[in-house]
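Asker: Below you will find the structure I want to go over with you.
The values are calculated or read from the model by the stated rules, or taken from the named source; none is laboratory data. No experiment lies behind these values; they were computed from the predicted model shown. Cβ placement follows ideal geometry from the backbone for every residue including glycine, while neighbour counts extend to all protein chains displayed. Quick note on the areas: whole protein, heavy atoms, side chains included, nothing else; ligands and nucleic acids left out. Shrake-Rupley method; radii C 1.70, N 1.55, O 1.52, S 1.80 Å.
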Amino acid sequence: MTRQPLLLFIAVFCVKVLLFPAYFSTDFEVHRNWLAITQNRPLCEWYFDEGSLWTLDYPPFFAFFEKILSCFASFFDPKMTLLSSYDYVSFKALAYQRLTVALTDGLFFAATILTLDGLGDVSALVGALFVCCSPGFVFVDSIHFQYNGFLDGILVLAFFFARQDRPLLLMATFSALLFFKHIYVYALPAFFGYLLGFYCLNEFRLTWGGCGRLIGRGLVLLSVFALVAGAALGPFLFCSQPVLTQILRRLFPFQRGLTHAYWAPNFWALYNLADKLLSLGRPSGPSAHLAGGLVQTISHVVLPSVHSGTTLFLSFFMALPSVLLLVRGPWIVKRHPPSDQGRVRTWLLLLGAAQSSLSFFMFGWHVHEKAVLTALVPLSLMAVTEASPLILDTFSVLALCGTYSLWPLLHRPMERPILFGVTLTYFAALLWTSKRLRASSVRFLVAPAWARSLVRLVRRVILPLLCWTELARLAMELLVWLEPHQATFGPALRYLTRQAAHFRFTPLLLVSCVCAVGTTVSYVVLSAVCLGTCTSWRKAKRN
C-alpha cells in the first residue's frame, strides 16, 4: 500500500508535465515577478516595490515561499529572477514554474490520502484522485497557473488534525494557511465554530471552574495564533517603513469594485443581471454597463449600489449556519458510538467549511471565479466518504457549475479539446463511481424535504442547461470572429455579426448567470442541511 500512493502521484505528475506547453495566463508573470522581488529586494521593500504592474499582494508566508523558490530559479534561467517592468517568458522559466506547481501538489495528494484513509468506504487512493485531480485544479493550476493545490493541501491537513482530535495543531495549521493566502478567511467562521464548540465549550459547565477553563482554552488558542502571526509578521517589525500597514493595503484592495471583469457565478452576478435588465426598460438615461471586460468600480443604475461593508456583513451573516452547526457539534457527536465519533466530527467540519466558504464566494467583495475551489475541496472530501444522495447531488451541481465557470479562463481554441476531454472524463467517472458508492451507515445529516427535492431537480436540469449555454456561447463567439469578414456575407448574416460585435461580452455574462443559479442552489441546500442538523439534537433530546 505504501508504494501505491507514490506511483499514483508519479502518474499524475507525468500527465501534468504534458501540459507544460499549454496556455498560461498573466499569473505566470505575476509569480515570476514575485520571484524577482524576493530575490533582489530587501525584505522591508517587498511590499513597496512597484517596478511592475504585478506587485506582491499575498501574505508573508507565501512571500517566503516565493523566496525559497527564487533560490533555485536561477539554475533554470538566470534571467527569470531579474527585476523588469515588462513580461519575461522563456521555456525554461515556464518549465521551472510549472514544475514547482506539480511538485508542491504532492502535499495536497498526501494530506488527502491521510484524511480519507478509513473515513469512508471508498479507497483513499480513489478518493484522492477525485479530490486532487478535479478539472478545476487542472485548469487553474496546471494550465492557467496558480498554486491552489499546494495551499489546499494545508487546508486538508487541518481537516486531518480535526479527525485526529488535535485542536491546537488544527489551529496552528489553519493560522499558517491564512498567512499563505488570505482567501482562506472564507473558511474562518467554520474553523472558529469548530474550535469554540469542540475545544473551548466542550463539557463546559456554568461554574467558576468552567468559566476559568473556557478563558484558559481561549487564551491557549490566541497564543497559538500569536506564535504563527509572529513568525509571519515578526521579520517586518524591524523595518523602518510601516510595512504592516502596507501589507494590509495590498491584501485588501477595496477600490477594485464589487465584481471582477468576468463575473464570478455568485449572487452579485444575478444582482448585476437584474440591474442590467431593469435599466434596459428605462425611457432615458444610462443603462447598466457592468460586463465590459474592465476591472473598475461601477455604480448600479436601478438597484442600490453595493459597498464593501455590506458584502462583508452579508458574508459573515450568511456563514452563521456553519458556526451554529459546529458550536453544537459536540452534542451531535455524542449521540454516536465512540467508533464513529471521529468520522462525524470530521464530516461536521467539512460540511461547515463548505457552507462557510460558499457563503463568502456568494456574497463577498470582488470575488474571482477561481475562489469556488475553496468550497469544492471540503465538499468533495465529504461527498466521496459520507456519500449520502443529498451531499452527492449537491456536490455534483456545485462541481458542474464551478468547473464550467472556469472554462472562459482558457479562451484559446487550442485548449478547447482539453476543456472538453478533462471535464467529460472526470464527470463520467464521478457518475459511474457515485452509483457504486455506499452511503455511510452513520446517519447524522438532517435536511428539509424541499431541500432534497430542489437539489434533485436542479441536478437533472443543470447539465442540459449548461450544454445549451455552451452552444450559445460558441455561436456568439463565431459571429464575433466573422465580424471582420461581414462584407462577403448576405444581409441577414451581416446584421447578426454587427449585433454580435456590440455584445461580445454577453457570452461571459451568460456563463456567469447560468452557473450562478447552480451555486445559489448549492448554497441554499448546504445552509438548510447545517441548520437542520444543528437543530436535530434538540428534537432528539426532547424525545
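Asker: Looking for whichever is in contact with a Gly (Cβ under 6 Å, 6 or more places away or on another chain) and not hydrophobic (A, V, I, L, M, F, W, C) here; the options are Ser315, Ser356. Which one fits?
Answerer: None of the others qualify; the one that does is Ser315.
Asker: Further, regarding this structure: Looking at region 500-509, can you tell me whether even one residue there is open to solvent by 50 Å² or more (accessible area, probe 1.4 Å), modelled with pLDDT of 70 or more, closer than 27 Å to Trp263 by Cβ and outside any helix (DSSP H, G or I)?
Answerer: yes
Asker: Checking the condition of a type outside the set (Gly, Ala, Ser), open to solvent by 40 Å² or more (accessible area, probe 1.4 Å) and at pLDDT 85 or above, which residue from Leu409, Leu471 passes?
Answerer: Leu471
Asker: Can you go through Leu214, Leu170, Leu177 and tell me which one is part of a helix (DSSP H, G or I) and at pLDDT below 95? Steps first, please.
Answerer: Values: Leu170 fails: at pLDDT below 95; Leu177 fails: at pLDDT below 95.
Sole residue among the options that is part of a helix (DSSP H, G or I) and at pLDDT below 95: Leu214.
Asker: Can you name the number of the only condition in (1) on the phi > 0 side of the Ramachandran plot; (2) open to solvent by 20 Å² or more (accessible area, probe 1.4 Å); (3) under 20 Å from the mean Cα position of the chain (by Cα) that Gly118 fails?
Answerer: Tallying (1) on the phi > 0 side of the Ramachandran plot; (2) open to solvent by 20 Å² or more (accessible area, probe 1.4 Å); (3) under 20 Å from the mean Cα position of the chain (by Cα), Gly118 fails exactly one: (3).
Asker: Please name all residue pairs, on different chains or six or more residues apart, with Cβ atoms under 9 Å, provided the first residue is in region 198-219 and is free of Cβ contacts under 8 Å to residues at least 12 places away in the same chain and among the hydrophobic types (A, V, I, L, M, F, W, C) and the second residue is surrounded by 11 or more Cβ atoms within 10 Å (Cβ to Cβ) and outside any helix (DSSP H, G or I).
Answerer: Filtered contacts from region 198-219: Cys211/Phe204.
Asker: Then there is this: Determine whether Thr425 is of a type outside the set (Phe, Trp, Tyr), under 22 Å from the mean Cα position of the chain (by Cα) and open to solvent by 10 Å² or more (accessible area, probe 1.4 Å).
Answerer: yes
Asker: If you check Gln355 against the conditions, is it of a type outside the set (Asp, Glu) and either farther than 23 Å from Phe395 by Cα or in contact with a Lys or Arg (Cβ under 9 Å, 6 or more places away or on another chain) (or both)?
Answerer: When the stated conditions are applied, Gln355 does not pass them.
Asker: Here's a check for you: in region 52-74, which residue that is buried (at least 19 other Cβ atoms within 10 Å of the Cβ), aliphatic (A, V, I, L, M) and not in a loop (DSSP other than H, G, I, E, B) is modelled with the lowest pLDDT?
Answerer: Within region 52-74, the match that is modelled with the lowest pLDDT is Ala73.
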